[in-house]
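To start, the structure itself, in structure tokens.
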Amino acid sequence: MTSITWKEKLADSIPQDWASQIDLFEAQMALRKQGKIDEKVFAETRLRRGTYGQRYDNGRRHDGLTTQELVYPNNPLTKGPDTLWDAPGMQRIKIPFGALNPQQMRVLADLAEEYSDGICHVTTRQDIQLHFVHIEDVPSIFRRLAAVGITTREACGNSVRNVTACPLAGVCHTEVFDVSPYAKALAFYLLGHPDTQDFGRKFKIAFSGCRDKPCALVSIHDLGGIAKTKVVDGKVVRGFELYVGGGLGAVPHQAKLFDEFVPEEELLPLARAIGRVFARLGEKKNRNKARLKFLVARLGIDEFRRIVLEERRTMPEDPSWRRFFDEIPRYHEGPGQELVQLNGQKKPQGYDRWAATNVYPQRQSGYATVTVKLPLGDISSDQMRALADITHRYCGDHARTTVEQNITLRWVHQDKLVSLYRELQQIGLAEPGAGTIADITACPGTDTCKLGIASSRGLAGELSRRLAEQFDSMPPAVKNLRIKISGCFNSCGQHHVADIGFYGNSRNVGGYTVPHFQVMLGGRWRDNGGSYALAMGSVPSKRIPQLIEVLAGRYVAERQGDESFQDWCARIGKKQLKEIVNQFTAVPPHSEDPSFYSDWGDPREFTIGDMGVGECAGEVVSLAQFGFTQAETEAFEAQLMLDAGEYQKADERAYRAMLTAARTLVQLQWLDVPDEPNVIVAEFRRRFVEPRLFWDPYHAGQFANYLFSRHESPDTRYTQDTAHKLVEEANLFIDAAHKCHARYQASLNVLKAPAPAASAGPTA
Amino acid sequence: MSSAAADMESHKLIVKLFVEDPSAIRADEFVPIFHSWIQMRLVAGHQLIDVADYKHVHDGPGTLLIAHEANFAMDRGQGRLGLMYARKQPLDGAFRQRLASVLRIAQEAAVRLEEDVRLQGRLRFRGDELLLRINDRLLAPNVPQTFAALRPDIQTVLAELYDGADVSLEHDANPEHLFGVYAKASASPSAAELLRRLGGRT
């Protein structure tokens, strides 16, 4: 046996510039271990390589009974603030427009097996993620990926993230033209470009081949292009309807139309100009206001457009874009070989069900695209390798990941669908129901994400199991609904654009913290994510399956003609929807049903620290719950006013909801605080914000600022956008108030706890 | 000891112990068990971190107990349920000592699982069969030469484990798989007895 490294073995297989960057990163790792690079600098360095932190990487984990310290050999060495060197992390791998070939799939399978937990996870932005990765393995991962043409550069951090595109691009019936080569050109043109290195936040790009379908979700992106053609001087020319400033997150924004038609040759330079303006004018200090959507909102789309076009006119020449643009006409994709036709194959049991949902006849006669439905976006190393073989034999080497966390196999000869189905069956990947209610999207949530509040994957797994059992008996209208789940309000599960969406939060009940999900209804998946849902109230995690049954039942029973779920929601109105949701908000006492106090798939009690149940706390909780309920009611009323076009009233009611929640907190210390805005805000600031009781470890004082900002300098334009924003902020403020209350009560219980025996010793 | 085996630098050894009757076990039974191992810090020499559950993945890694030093998994790879111990961090000694160490740690876990009252005696591991792998395609490519180099040490360790019973080794020659060897013995001692022979505590 000889000792060899991946660096030596792959020396001739990696492009020189990529190899140098990986060498540099490895050197930075060594310097960090010697203490010669600041931990914050190193954190951003690794993030820009897709090397993320993961839950518990601060070295603390609550095991359901107590918080354990995680002791690693290299403690206290860190790879970022409060992030231990040895703690397992997540590696995100960019897959531009989701395109994978079999060689890449085999390497991904090997990496998952050797450095992760044997699972490749497909994300909602067509990336692949590996979890539980040790940072010392990362350079080898980079090199093995680079050898097959994959870079993780700028997969995370304040950079241009993975460029996504419709997974049906090139084979779709409704597309204007194939956007794949444009996505590829822009992805690699902007990769590492000097003009994209000084962003205050991430920057996401998507391409769609048509306006109406949802496959690329242009509306939720910082920059989005929809394929379009135009006749110029008698010739058909290609271009894009260009959108900017979209985004989900805590405060979602619909992208604004930048230009109805950007000629194809202008796409790359214009994207560069937008990047330069974002780098120069975008927020840098307050990360919660740093996405492009805030810059566009602050300047207004007209002024933003003017500045970008001026930038485009005056920016220094960069001819390098031409190299990427010139590749576009050479892009070709098709079947690898003409296959022998095998007619008359007997269809195995289950084939028709599968074909009804998972097979899409391509624009090209005789070929189909097959969607491989991945449960929770997960595929094992063995499955990935088998799928690579299938992709080679059936699909001309063309597979793509999707934003619904599946993999599509393209260019399957229709006469081979039966045998393909049999092969997928053998590896457990022939589940029907792709793109239906049983195909649930979920972000990692509390499984691995540091920001997760509730178990999005646990809930998705439970719902998937139940809905799969009921699937055959469901009316078609219900089958076609989409469910999307995020573990927190940051929207990685894209809950805003689902028929039925959820995001994780928590509520304090009788001194215990109970996992909940905020119910989001009325989002539009079609039209590239055409409209966003609004919050309808929080429901205990364990009651969500019942809620879905009732919602679906009501929809089917009351549906008029071909009425969509969104139209049904709009017709019956938010009051009725709220009444449905309210049926499921009750939480039984812990003594009656402790199952409500742990999350799906996680038997640990959902708790914060060593919280106990005290009588005084119970009374305080009772009063506080009353106040929070009132605040939630006011926020809901603000939503109704917003829907009715009463923007000033909506603004004022949302402000009132925040005041009520703040006053509820102040009452924990000063029961008779007068109901006067100036007093409430001053006391709330003094008692809760300045001592950092109303404080989030990741969002700092962001939520308090929503109230302060509205109180001190109200936006008196009273437009739909400003009112919508304040309603969203009010809901987030109330959620933060709930959390603050839980922490406050926990601290009281700690103070009340009997002194441990050891501390009584000296006085005995 | 063969010099080639002594030079085997990879520490990423894997042992899989197969379950006698998988039909007696539900897929969701191991999540609370592994969480309780973390709560009680049951595995010496391991910083236990978290539980990852992939029971929804067909023939996948099942339920994993993630530790810094290694992963424990009730694995369903290749369609067979078994306890897999996959070492991630170095162990002391030459290949033979490291192999014996991972076997001992795996058997300790097996005994602990068999004795867990929540499983009510339904879980038993086969004493006559196990799978060895090396999770390192660079240092242990799955080629006949690797098998030839490591075979003597594997035979030595397994001869001690099976206390003179006949042991046959079969190389898993699938080039896409990690280097692997299936070992089958003519005797089928209990997990507790195998652990005792490895010098572990029962």
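The values are calculated or read from the model by the stated rules, or taken from the named source; none is laboratory data. Just so you know, these numbers come straight off a predicted model, no measurement behind them. Don't worry about glycine lacking a Cβ; one is built from the backbone with ideal geometry, like all the others, and counts go over all protein chains shown.
Tabulated values for the structure
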read-out: Breaking point among (1) part of a helix (DSSP H, G or I); (2) surrounded by fewer than 22 Cβ atoms within 10 Å (Cβ to Cβ), for B:F34; value: (2)
read-out: Residue among A:G377, A:G428 that alone is surrounded by 22 or more Cβ atoms within 10 Å (Cβ to Cβ), within 14 Å of chain B (Cβ to nearest Cβ) and of a type in the set (G, A, S); value: A:G377
read-out: Subset of region A:607-661 that is under 29 Å from the mean Cα position of the chain (by Cα) and not in a helix (DSSP H, G or I) - its residue that is modelled with the highest pLDDT; value: A:T607
read-out: Count of residues meeting criterion [more than 10 Å from chain B (Cβ to nearest Cβ) and either touching a Ser or Thr at 6+ places or on another chain (Cβ under 6 Å) or surrounded by fewer than 20 Cβ atoms within 10 Å (Cβ to Cβ) (or both)] in region A:46-58; value: 5
read-out: Qualifying residue in region A:18-33 (condition: more than 29 Å from B:L138 (Cβ to Cβ) and either of a type in the set (G, A, S) or assigned to a loop (DSSP other than H, G, I, E, B) (or both)); value: no
read-out: Residue selected from region A:197-246 under the condition farther than 13 Å from A:V179 by Cβ and among the aromatic types (F, W, Y), by the criterion modelled with the lowest pLDDT; value: A:F199
read-out: Candidates A:S13, A:S3 - the one that is within 14 Å of chain B (Cβ to nearest Cβ), of a type in the set (S, T, Y), on the phi < 0 side of the Ramachandran plot and in contact (Cβ under 8 Å) with a residue 60 or more places away in the chain; value: A:S13
read-out: Strands (runs of 3 or more DSSP E) wholly inside region A:308-404 that include at least 3 residues being of a type outside the set (S, T, Y); value: A:367-372
read-out: Single match in B:R122, B:R118 (criterion: surrounded by fewer than 23 Cβ atoms within 10 Å (Cβ to Cβ), basic (K, R) and part of a helix (DSSP H, G or I)); value: B:R118
read-out: Strands (runs of 3 or more DSSP E) lying entirely in region A:449-540 (those with 3 or more residues that are among the small types (G, A, S), in contact (Cβ under 8 Å) with a residue 24 or more places away in the chain and closer than 27 Å to B:V31 by Cβ); value: A:500-509
read-out: Count of region A:112-131 residues which are closer than 22 Å to B:F179 by Cα and either facing chain B (nearest Cβ under 10 Å) or surrounded by fewer than 22 Cβ atoms within 10 Å (Cβ to Cβ) (or both); value: 8
read-out: Residue selected from region B:111-132 under the condition closer than 29 Å to A:A112 by Cβ and basic (K, R), by the criterion nearest to the other protein chains (Cβ to nearest Cβ); value: B:R112
read-out: Whichever residue in region B:41-74 is more than 7 Å from chain A (Cβ to nearest Cβ) and more than 19 Å from A:V133 (Cα to Cα) and, among such residues, is surrounded by the fewest Cβ atoms within 10 Å (Cβ to Cβ); value: B:A44
read-out: Among (1) under 18 Å from the mean Cα position of the chain (by Cα); (2) closer than 24 Å to A:L111 by Cβ; (3) part of a loop (DSSP other than H, G, I, E, B) - the single one B:L131 does not satisfy; value: (3)
read-out: Check on B:H46, of a type outside the set (D, E) and under 27 Å from A:R61 (Cβ atoms); value: yes
read-out: Filter result for B:A100 (within 25 Å of A:A112 (Cβ to Cβ) and among the hydrophobic types (A, V, I, L, M, F, W, C)); value: no
read-out: Pairs, first farther than 16 Å from A:L186 by Cβ in region A:158-171, second among the β-branched types (V, I, T) and outside any strand (DSSP E or B), C-beta under 7 Å, six or more apart; value: A:P167/A:T402
read-out: Residue in region B:20-31 that is surrounded by the fewest Cβ atoms within 10 Å (Cβ to Cβ), counting only those that are in contact with a strand residue (DSSP E or B) (Cβ under 6 Å, 6 or more places away or on another chain) and either at the interface with chain A (Cβ under 10 Å from one of its Cβ atoms) or more than 26 Å from A:Y72 (Cβ to Cβ) (or both); value: B:E20
read-out: First in region B:133-147 and at the interface with another protein chain (Cβ under 7 Å from one of its Cβ atoms), second anywhere and of a type in the set (K, R) and part of a strand (DSSP E or B), Cβ under 9 Å, 6 or more apart; value: B:N135/B:R87
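A quick yes/no check of all residues on (1) assigned to a loop (DSSP other than H, G, I, E, B); (2) in contact with a Cys (Cβ under 6 Å, 6 or more places away or on another chain):
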| residue | (1), (2) |
| --- | --- |
| A:L108 | no, yes |
| A:D117 | yes, no |
| A:R125 | yes, no |
| A:F132 | no, no |
| A:V138 | no, no |
| A:L145 | no, no |
| A:G149 | yes, no |
| A:A169 | yes, no |
